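Presented below is the structure to which this report refers.
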Amino acid sequence: MPEPIEDVTFHDEDWYAEELADRHFVGCAFHRVDLTEATSRGAVFTGCTFGDVRFNVSRHTDSAFTRCTFIRCNLFEAEFTGCKLIGSTFDRCDLRPLTVTGGDWSFVTLGGADLRGARFTGVRMREADLSGADLTGATLTGADLSDVQWRGARLSRADLRGSDLTGLDPVAVQHSGTVIDAVQAVTLARALAFDIRD
């Protein structure tokens, strides 16, 4: 890993299709930077701020964006594979359609986000904030969704099979047509204080 770039502000830069392999940024700010079709592998961004940054069709593998803030960023068709976004916040970002495979998105703030049709598979999302998020038709399968903040979330037609739904109050979300498996059905029935017997 090279020496980190610390506390630098990048304005209006064209990083189109840039390869960010093993780059390391700490406390940096990125404003109106074009990262369209950029790729990162093993890159690390710690405590960075991204404002009006274009991540369109970008691909990120085994990279870390920890405690970062994304404001009004465009992540159209962005893909994250095996990435860590622990403690990061997304504010007024365009997140459709987003694909996340594996990795750790615990404590991420996505409150009120438009995540219709997004795909989260095998992701750790413990204690993430999804309150008020629109997850209509989204896929959240094989994910650790324990203790997620769900209040007001829209889960209609979402596929939640194989995910840990500990802490999900079915009454607090919209769930028409939500797909779950038999084990999850028992978990949710217990959350509603049903007495399950053979």
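Derivation of every value follows stated rules applied to the coordinates shown; laboratory data play no part. Please read all numbers here as calculations on a predicted model, not as lab measurements. For neighbour counting, all protein chains shown are included, and Cβ atoms are generated from backbone atoms with ideal geometry for every residue, glycine included.
Couple of notes before you dig in:
- Global geometry of the stretch 27-78, whether rounded, prolate or oblate, following the gyration tensor of its Cα atoms and the 1.5 cut on a/c: oblate
- The stretch 94-198 shape via C-alpha gyration tensor axes, a/c threshold 1.5: prolate
- Virtual spin-label span in nm between ALA193 and VAL179, 7 Å along Cα→Cβ: 3.3 nm
- The chain: angle of helix 182-191 to the longest principal axis, Cα-based, in degrees nearest 10: 80 degrees
- Ordering PHE76, CYS48, GLY152 by the projection of their Cα atoms onto the charge dipole of the chain, which places +1 on the Cβ of Lys and Arg and -1 on the Cβ of Asp and Glu, puts GLY152 at the extreme positive end.
- Ratio Rg/Rh, restricted to the stretch 142-198 and using Cα atoms, in which Rh is the Kirkwood radius: 0.94
- Percentage of interatomic Cα-Cα distances in the stretch 1-140 larger than 27 Å: 11 percent
- Rounded, prolate or oblate (a/c below 1.5 giving rounded, otherwise prolate when a/b exceeds b/c) for the stretch 110-167 by Cα gyration tensor: oblate
- For LYS84, the residues whose modelled amide H falls within less than 5 Å of its own, excluding neighbours fewer than 5 places apart on the same chain, are SER63, ALA64, PHE65, ASP104.
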